[in-house]
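What follows is one structure encoded as C-alpha cells, with my remarks underneath.
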Amino acid sequence: MYIKIALIAYVLDTAFGEFKFIRHPVIFIGDFIIWFEKYFYQDSRLRGFLLLFGTVFIFGFISYIVHLYVSFWIEGIFSSMFLAHHMLQQSVKEVLADTNPNKSLSYLVSRDTQNLSKSDINKALIETYAENLSDGVIAPLFYLIFFGLVGIVVYKSVNTLDSMVGYKTKRYNNFGFASAKCDDILNFIPARITAFLLMVVKRRFPIKLTRTYAKGHSSPNAGYPISAMALLYEISLGGPTPYHGVMVDKPFFGNGVKNISKEKVEEVLKIAYRIDTLVIILLLSALLSM
C-alpha cells in the first residue's frame, strides 16, 4: 500500500488546495476526451469502450513512468493535485457568498439553476458537497492508498470520462455507456466508505436508513453519501429537480426539514475539518503500524 504517499497528498490538499500556477492535470485528460470525441465519435458502445480504454491506458502509462523516476515526496505532490476537498469547500463557500448564487451554482451542478429558490440552492450545495466528498476526495484517496499514483490517475480519468460523456442522452447513451459503468464500479466501495465516515464524525449510525434511502437514487453510489448527510443533519435532500428544462421527480433522501437555510449549509461545511482530521489520523496510524 502507498500510505506515506497518500498522507503527503492529503495533507498538501488540506493545507494548500490546488496549485493554481500550473495547469491542472485533469484538464489534459479532458482535452484528450474532447479530441477523441471530435474525431472518433460514433453512436456506438464499442467506440465508447475504445475511448475509455485509450484514456485509461495513456494516462495510466504516463503516471506509471512518473512513478518509476520520482521520489515518494514528488509522487505525493503529484497525487495531491487529484484530491479536491479544499477546492470543494471553497467552491461551496463562494456560492454562499455570491450575490448571484444561481449563476455561480451552475458551474458546480448539472441541474438547471436559473429559477431555483434560496432553499433549493442550499439543498443543491449540500448535495454536491456530499456527492463530491465521495467522488473528489474519498474515492481518489482510496485508489491512491492501494495503487499509488497510477491508481489515483486511472480513477480520475474514469471519473472525468463519466462527467463528460456518461449521460443518458441521445448522443451519449451508447458512447458513454462503458465510462458510466466503469465509474459505477470504481465508486461502489468509496461511496459507502464516505457515508460511514460521515457517520463516524457525527457519532450517529443510521446505516439501515441510509441504505434504504440510497436505493431510491438513480446512481448505485451517489445516494449513500447524500442519504447519510440528510439523515445526520435531519434534512430532506433530493425531490423534484429541474434538468435541461424538464422537472425530474426524484425521491427525497432523508425525512427532515425541506426548507434548507444558508446556516444549515454552513453547519454542514464544519464537518470538513473533522473529516480531514479523521482521515489524517487514520493514515498516520496506518503508517506507524507498518
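Read-outs: derived from the displayed coordinates by stated rules, not from any lab. A quick note: this is a predicted structure, and the numbers were derived from the prediction, not measured. When we count neighbours, we look across all protein chains shown, and the Cβ atoms used for this are built from the backbone with ideal geometry, even at glycine.
Observations on the model:
- When the stretch 3-288 is reduced to its Cα atoms, the Kirkwood hydrodynamic radius in Å: 19.6 Å
- In the stretch 47-131, one over the average inverse separation of all distinct C-alpha pairs is 15.8 Å, which is the Kirkwood hydrodynamic radius.
- Note on the stretch 174-201 and the stretch 1-25: Cα centroid distance 21 Å, given to the nearest whole angstrom.
- Relative protection proxy for 130-143, 85-98, from highest mean packing down: 130-143, 85-98 (other beta-carbon atoms within 10 angstrom).
- Each of 81, 214, 186 was scored by the projection of its Cα onto the charge dipole of the chain, and the greatest displacement toward the positive side belongs to 214; charges sit on the C-beta of Lys, Arg, Asp and Glu.
- Computed over all pairs of different Cα atoms, the Kirkwood value for the hydrodynamic radius of the stretch 1-87 is 14.6 Å.
- Spin-label proximity, residue 46 to the stretch 176-193 - amide N less than 18 Å from point 7 Å beyond Cα toward beta carbon: 176-179
- Positive-end residue, the chain charge dipole about Cα centroid, Cβ charges, pick of 21, 157, 175: 175
- In this simple spin-label approximation, residue 189 and residue 168 carry label points 7 Å from Cα along the Cα→Cβ vector, and these lie 2.7 nm apart.
- Peptides 33-43, 166-176 ranked from most to least packed give 166-176, 33-43, packing being the mean of other C-beta atoms within 10 angstrom over each peptide's residues.
- Sorted peptide list for 180-191, 220-231, 108-119, criterion being average Cβ within 10 angstrom, highest first: 220-231, 180-191, 108-119
- Net length gained if the chain between residue 203 and residue 281 were fully extended (0.36 nm per residue, minus Cα distance): 26.4 nm
- Mean separation of Cα contacts under 8 Å, 6 or more apart, over the residue count of the stretch 51-138: relative contact order %: 28 percent
- Phi-derived couplings, Karplus 6.51 cos²θ - 1.76 cosθ + 1.60 at θ = phi - 60°, listed residue by residue for the stretch 60-70: x, 5, 4, 5, 5, 4, 4, 4, 5, 10, 10 Hz, with x used for Gly and Pro.
- Efficiency of FRET between residue 65 and residue 28 - r from beta-carbon atoms, R0 25 angstrom, step 0.05: 0.95
- Selected from 261, 102, 8, residue furthest toward positive end of dipole (the chain; charges at beta carbon): 261
- A compact globular protein would have a Cα radius of gyration near 2.2 N^0.38 Å; the ratio found for the stretch 204-290 is 1.33.
- Summarising the amide proton neighbourhood of residue 252: residues at separation of 5 or more, or on other chains, whose placed amide H is nearer than 5 Å comprise 239.
- Compactness of the stretch 152-221 as Cα Rg over 2.2 N^0.38 Å, two decimals: 1.31
- In a simple Cβ point-charge model (Lys, Arg +1; Asp, Glu -1; nothing else charged), the stretch 3-288 has a dipole of about 560 debye relative to its Cα centre.
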